[in-house]
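Take a look at the structure set out below.
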Amino acid sequence: MVTDTILLILTDTDFIMKTTLYQKIAETLSDQIQSGTIKTGEKMPSLRDLKREYGVSMNTVIQAYLELESQGLIISRPKSGYFVNYKPNQLSVPSTGKNGQSEPPKTDKSEQCK
């Protein structure tokens with residue numbers, strides 16, 4: 001009796017951690033939120049709509065939304081759905097004096113005399 005032996009050769013890419021389906025969905029939605037395609041305060045697509053759109057189970061969609069919620073990108077409102085909660089980081093502009101120069105930090109003069 002002859003048996004066939006299958007030799008499986010694994011490459012380095014086989015060992016790279018694979019992204020799960022819910023993470024791919026969460027990443028896609030995250031990109032849409034951060035790019036402004038889905039705006040802050042806007043209602044997210046329903047779980048059922050995403051289930052149909054991606055052809056995945058309800059658990060996969062729920063897990064994707066939980067991932068976005070843990071990142072602070074969306075919030076859940078009971079009996080209303082999920083809403084975008086993204087607030088982009090804004091750089092503060094330093095205050096300037098009358099001549100356009102930066103103002104030195106203000107100090108309490110009474111403490112300087114001590």
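No lab work stands behind these numbers, since they all come straight from the coordinates. These numbers come from a predicted model, not from an experiment.
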Gap in Å between the Cα centre of region 25-44 and the Cα centre of region 51-73?
12 Å
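Ratio of Rg to Rh for region 19-84, alpha carbon only, Kirkwood?
A ratio of 0.92.
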